[in-house]
Amino acid sequence: MALTQQLARVSPQYLAECRRAAADSPDNDPCWDPPTADTVDLDRSMWALIRFLRSVPVDAVHTDALNRSVSGDELDGVAFLDHETFYDGFDGPPALLGPTAVAEVARGLAALDMNQFLALLPADAAEAAQVAGFGSFDGDLRDCLADHFTTLRDFYLAAADRGLAVVMWVD
């Protein structure tokens, strides 16, 4: 079973409804079911990108938004999601970025010149895969990481535009 990074854009009102559902349910079920259009599966790509960026001379200010985008700031705000129907407990519990933090992360991601950083990946495909934490990789790793980064950035920009929070977890 491969672990993958999951994100969901949700309104503070939706989070409140799920919190109430968990409190009112005999088994604490939060009835979590955000719209598919507001969820994204980033596979393992962001972890690979973060690992790679840690291996090259990149100022931490450039990677802070990327780190926050998949690790969040708050755990207590979504503790009610620690339920077997949503979260299997294999990795850390779900985390949250509220709307203000989402806007900050979106600005940080928009400011990243990912092509500049991806140009630092080794030209040798096997070496690049190793640096990014993959034992091996089929295809063009730069394209894969660039595509997933674009997906992440656009996901956050849309969440910020709509004033939404983002919940993240590993599935």
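Which residue, of Leu7, Leu49, Leu53, is open to solvent by less than 40 Å² (accessible area, probe 1.4 Å), within 25 Å of Ala146 (Cα to Cα), touching a residue at least 60 places away in the same chain (Cβ under 8 Å) and in a strand (DSSP E or B)?
Criteria check complete, one pass: Leu7.
Could you list, in sequence order, all residues of region 56-70 that are β-branched (Val, Ile, Thr) and assigned to a loop (DSSP other than H, G, I, E, B)? Show your work before the answer.
First, the residues of region 56-70 that are β-branched (Val, Ile, Thr): 56, 58, 61, 63, 70.
Result: Val56, Val58.
If Asp59 satisfies every condition in (1) in contact with a Ser or Thr (Cβ under 6 Å, 6 or more places away or on another chain); (2) acidic (Asp, Glu); (3) without any contact (Cβ under 8 Å) to a residue 40 or more places away in the chain but one, which is the exception?
Among (1) in contact with a Ser or Thr (Cβ under 6 Å, 6 or more places away or on another chain); (2) acidic (Asp, Glu); (3) without any contact (Cβ under 8 Å) to a residue 40 or more places away in the chain, Asp59 violates only (1).
Can you find a residue in region 72-95 that is in contact with a Gly (Cβ under 8 Å, 6 or more places away or on another chain), at pLDDT below 80, open to solvent by less than 70 Å² (accessible area, probe 1.4 Å) and not in a loop (DSSP other than H, G, I, E, B)?
Yes.
Inspect region 106-118 for any residue being modelled with pLDDT under 90, in a loop (DSSP other than H, G, I, E, B) and surrounded by 17 or more Cβ atoms within 10 Å (Cβ to Cβ) and give the result as yes or no. Explain how you work it out, then say what you get.
In the first step, residues of region 106-118 are kept if they are modelled with pLDDT under 90; the result is 112-118.
Now narrow it down to the ones that are in a loop (DSSP other than H, G, I, E, B): 112-113.
Filter again for surrounded by 17 or more Cβ atoms within 10 Å (Cβ to Cβ), leaving 112.
So far as region 106-118 goes, yes, one or more of its residues are modelled with pLDDT under 90, in a loop (DSSP other than H, G, I, E, B) and surrounded by 17 or more Cβ atoms within 10 Å (Cβ to Cβ).
Based on this model, can you work out whether Leu42 counts as open to solvent by less than 80 Å² (accessible area, probe 1.4 Å) and at pLDDT below 90?
No; evaluated as a whole, the condition is false for this residue.
Quick one: would you say Gln130 is closer than 19 Å to His62 by Cβ, without any contact (Cβ under 8 Å) to a residue 40 or more places away in the chain and either part of a helix (DSSP H, G or I) or out of contact with any strand residue (DSSP E or B) (no Cβ under 6 Å at 6 or more places or on another chain) (or both)? Show your work before the answer.
On the way: closer than 19 Å to His62 by Cβ: no; without any contact (Cβ under 8 Å) to a residue 40 or more places away in the chain: yes; either part of a helix (DSSP H, G or I) or out of contact with any strand residue (DSSP E or B) (no Cβ under 6 Å at 6 or more places or on another chain) (or both): yes.
Considered against the rule, which asks whether it is closer than 19 Å to His62 by Cβ, without any contact (Cβ under 8 Å) to a residue 40 or more places away in the chain and either part of a helix (DSSP H, G or I) or out of contact with any strand residue (DSSP E or B) (no Cβ under 6 Å at 6 or more places or on another chain) (or both), Gln130 comes out as no.
Among the residues of region 19-35, is any part of a helix (DSSP H, G or I), surrounded by 13 or more Cβ atoms within 10 Å (Cβ to Cβ) and without any contact (Cβ under 8 Å) to a residue 60 or more places away in the chain? Lay out the reasoning, then the answer.
Quick first cut of region 19-35, residues part of a helix (DSSP H, G or I) only: 19-24.
Then keep just the ones that are surrounded by 13 or more Cβ atoms within 10 Å (Cβ to Cβ); that gives 19-22.
Cutting the leftovers down to without any contact (Cβ under 8 Å) to a residue 60 or more places away in the chain gives us 20-21.
The answer is yes, given that some residue of region 19-35 is part of a helix (DSSP H, G or I), surrounded by 13 or more Cβ atoms within 10 Å (Cβ to Cβ) and without any contact (Cβ under 8 Å) to a residue 60 or more places away in the chain.
Can you confirm whether region 134-154 contains a residue that is at pLDDT 85 or above, part of a helix (DSSP H, G or I), surrounded by 14 or more Cβ atoms within 10 Å (Cβ to Cβ) and among the hydroxyl-bearing types (Ser, Thr, Tyr)?
yes
If the Cβ limit is 6 Å and pairs must be 6+ apart or interchain, which residue in region 67-85 that is closer than 14 Å to Cys18 by Cα pairs with which residue that is open to solvent by less than 20 Å² (accessible area, probe 1.4 Å) and part of a helix (DSSP H, G or I)?
Qualifying pairs under 6 Å: Phe80/Ala22.
The values are calculated or read from the model by the stated rules, or taken from the named source; none is laboratory data. Every value quoted in this text rests on a predicted model; they were computed, and no experiment measured them. Note that each Cβ is placed from the backbone with ideal geometry, even for glycine, and that neighbours are counted across all protein chains shown. The protein model used for the area step is the full one, side chains on, heavy atoms only, and it has no ligands, DNA or RNA in it. Shrake-Rupley method; radii C 1.70, N 1.55, O 1.52, S 1.80 Å.
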